[in-house]
Protein chains: 4
Amino acid sequence: MTDADTRHTIMAATYEALCEVGYSDLTAQAIADRTDRSKSALFYHYDSREELVAAFIEYLIDGFDGRLEQIDDRPPLEQLTAFVDWFLSGPDDDQVAFHTAFLELRAQAPYNELYREKLRESDDRLREAIETILRNGIESGDFQEHDPETVAALLLATFDGARIRQFTLGRDEYLETVREETAARILADVLAPGVELPAESQVEFPRDERFHDGDAGDRPE
Amino acid sequence: MTDADTRHTIMAATYEALCEVGYSDLTAQAIADRTDRSKSALFYHYDSREELVAAFIEYLIDGFDGRLEQIDDRPPLEQLTAFVDWFLSGPDDDQVAFHTAFLELRAQAPYNELYREKLRESDDRLREAIETILRNGIESGDFQEHDPETVAALLLATFDGARIRQFTLGRDEYLETVREETAARILADVLAPGVELPAESQVEFPRDERFHDGDAGDRPE
Amino acid sequence: MTDADTRHTIMAATYEALCEVGYSDLTAQAIADRTDRSKSALFYHYDSREELVAAFIEYLIDGFDGRLEQIDDRPPLEQLTAFVDWFLSGPDDDQVAFHTAFLELRAQAPYNELYREKLRESDDRLREAIETILRNGIESGDFQEHDPETVAALLLATFDGARIRQFTLGRDEYLETVREETAARILADVLAPGVELPAESQVEFPRDERFHDGDAGDRPE
Amino acid sequence: MTDADTRHTIMAATYEALCEVGYSDLTAQAIADRTDRSKSALFYHYDSREELVAAFIEYLIDGFDGRLEQIDDRPPLEQLTAFVDWFLSGPDDDQVAFHTAFLELRAQAPYNELYREKLRESDDRLREAIETILRNGIESGDFQEHDPETVAALLLATFDGARIRQFTLGRDEYLETVREETAARILADVLAPGVELPAESQVEFPRDERFHDGDAGDRPE
DNA sequence: TATGAATGAGCCTTCATTCAT
DNA sequence: GATGAATGAAGGCTCATTCAT
């Protein structure tokens, strides 16, 4: 119905607005302002602000799948490391703003079934991705025998918790500490003996380029 | 300036309102409605809604200390278990509403220095509490030698992440899974050999009774 | 310019929408929704919503003439009775919704010359119709000598007032009472001595079939 | 709760706005503009625009009772005449605007239970008033024996219908004609033999002075 | 002939905050 | 100490209408 271009325009504006003003100030106007369209146009394409946001979550999920494929061919340990570092990324990362705002949005989910539904889908994808990595690692012998499903849940909870505490408390230590402790206490029994989580990942989990068209990205130095 | 009674009245009303309507609907009116005072009274006692909320966080912290003492004399393992179960409490827990709303509030912290400051204090207390338990456990020989500081951070992140995913996704599995995996993968190396995390805690981490004056609490039915 | 078929499609949709949502919710979208055309199409065929509505009133008038003819050959008293019962129809009548909405529209006429003009034409037709019946009744000897013009005006006012009070107050008594009192106090001096208004009409004043193509009508159940 | 003065201010503004812009343009802003208060103030005193309007209908009713008393002591025929002329008032009457707008409001009643309820109360009062006059007239011998209840309903319907047709069609004839015909055909059998409806009433049914504080009223030339 | 997209103006309502009393 | 009244700024949403295609 809404053509891909318009959809992208609105979704990108939503992303920008979210990063710049946060979820609780994510007004229709704030989105429209980052668009060459009027506020009314948003309501032409989406029935309500809520539906627009739900569509945005879905848009994120769509992008996630593609980004996964980009590191598909890497060995399991590299993929896992990429994941860890994506989650526990440094505070200078330009995704901090986004994740911060997205936490606000997630905090609404208990009150909003539509959001909750979409976030569940997102959770499914994420867990499946990690499970697949773990499973592949077991197969390849890089990882020990274990239950990928429960380990995935544990890792996700831990990383998410660390990230949230980092953002909300402004305490970057959480990331560092949790990365190290995860490596030492959780992954020690998951990785094959002798295998260790590299200090830094060799592949980076790719960014959602749809939101970073013009600008630098992983500028060196 | 504001006497203790008035303060408590307002803080209790804030707690109630938070549980009933969530943070984003926590209007001055919503709080006043749960008070025998007028909306204006709130602004007489607190300069702004923001300050009131900040004061509320502080009020929570004040209560926390007292509650800690109530299980002070228990052996370290029991205290740890109480902590675990407090965090990973079942979905029927009447504190779910509060934690859900409080997550909304925490999600504002990145945008609000006042909140962030208070939440940091809260984080300090919580971490210290866990560190103390861990330290005592080492001393008593119930726990193995380890760095209480980093383990506390790991546990906090993991539990918090599990709880948040439970609430926001409506997926209770996270709690169960994470409790089990934490016991098996993290605590296995923290508890002394042969010591295990009990399936259920013997002491309950005490509730904040200031908010549960009149009503039932843990009355059996 | 606009061919008869398109015109009918739009007019019928307007009728439907009017019945279903009332005049104040009679948006262009509401009409288009009951059409296989787009909202824009309405503005292609009519310069404005106002003109469309004005055209609709005219369309009603056009239909009225034809329906009149259908009872043309009946004796004056029967025709008069048909009129009375059409106006003072029971609350189960499926025309209630239409008349209710049409009252809203009529209430706009004082502010809208275009509507007023059309409604005047409608009033003319209606009054003429009644006058003709009355005149024919005088001629045929069924009615006493009287001034058909003023009596028509009196009847119209009385019936209309009764109907409006019924609809707006939800008080069906008005219809019954006014029918009886009209018979006893007004028509007593209009009908020839010994002639009485039948309790129920033998002919029904015909419906506008253009709006009831497919559906039942007065099919018995 | 809302003190009488404020209430009057808002109700008077509502009256003015209604007269000047009609019901369908009776926005909160339109009312506030005729007040020295802000739009928000309206919502402080009334929960919604709808409730404000409902309160306005009630305010009208309150006023009506008092105005009735002002002609309480007049003989029945005079009172009846006052009523007739109030209803069938000339087009220059400054109440035309109000009645016109009020018709719009009444036309919403079928869709709005709150309005309908209030309008029913208004209908009750009006009918009782006329019934009382009729009853008194029978007692005093000025009127013939008849059923005041049904006659009141008939008169009300007739006058209301005439007025509505006058306003909506811009046809003043309705008033004149209906007044004459009512006198000749309806009241002829209601008034005692020899008693006639005066061409013009001697008492005027009093205006609602709450809405006409400063200005002229019936000042001659 | 028709439409999808878009928009500006406007509406109702909410809310933190102020202030005179 | 406390409150009732009030308000400005904003927000989500609607709708008649326009216009390029």
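Quick notes
- Per-copy distances of the C:E180 label point, shortest first, in nm (7 angstrom along Cα→Cβ): 3.2, 7.9, 9.7
- Axial C-alpha extent at least 18 Å, average Kyte-Doolittle at least 0.0 - helices from chain C (DSSP): C:4-21, C:49-69, C:96-108, C:148-169
- Each residue, B:E204 and B:E51, gets one label point 7 Å from its Cα in the Cβ direction; the gap between the two is 3.8 nm.
- For D:202-211, mean number of other protein chain Cβ atoms within 10 Å: 0
- Shown here: chain D, whose C-alpha atoms stretch 59, 37, 35 Å along the first, second and third principal axes, sorted largest to smallest.
- If you sort the three axes of the alpha carbon gyration tensor as a ≥ b ≥ c, you get a/c of 1.5 or more for segment B:72-122 and a/b no higher than b/c, which makes it oblate.
- Length released on extending from C:E121 to C:D213, taking residue separation times 0.36 nm less the Cα-Cα span: 30.5 nm
- Rg to Rh quotient for the protein assembly as shown, alpha carbon positions, Kirkwood Rh: 1.14
- Percent RCO, i.e. relative contact order, over chain D, from Cα pairs under 8 Å lying at least 6 residues apart: 26 percent
- Dipole of the protein assembly as shown, positive end: most advanced residue of B:L42, D:L191, C:G22 [Cβ charges, Cα centre]: B:L42
- Amide H contacts under 5 Å for B:F143, placed H, 5+ residues apart: B:I138, B:A192
- Between copies, the label points at C:Q29 (set 7 angstrom from Cα along Cα-to-Cβ) are spaced 2.0, 2.2, 2.7 nm, reported in nanometres from shortest to longest.
- In a simple Cβ point-charge model (Lys, Arg +1; Asp, Glu -1; nothing else charged), chain A has a dipole of about 680 debye relative to its Cα centre.
- Test item: Cα-centred dipole of the protein assembly as shown, Lys/Arg +1 and Asp/Glu -1 on Cβ, debye: 820 debye
- Based on alpha-carbon atoms, the Kirkwood radius and the radius of gyration of segment D:1-46 give Rg/Rh equal to 0.95.
- With its label point put 7 Å out from Cα toward Cβ, C:Y44 sits 1.7, 5.3, 6.7 nm from the same residue's point in the other copies, in order from shortest.
- Set of segment D:47-61 residues, backbone N closer than 18 Å to the point 7 Å along the Cα-Cβ line of D:T132: D:59-61
- Across peptide D:97-103, the mean count of Cβ atoms from other chains lying within 10 Å of each residue's own Cβ comes to 3.
Any read-out appearing in this document is the output of simple, stated calculations on the displayed coordinates, not a laboratory observation. Remember, it's a predicted structure, so these values are computed and weren't measured experimentally. Using ideal geometry, Cβ is built from the backbone for each residue, glycine included, and neighbour counts are taken over all protein chains shown.
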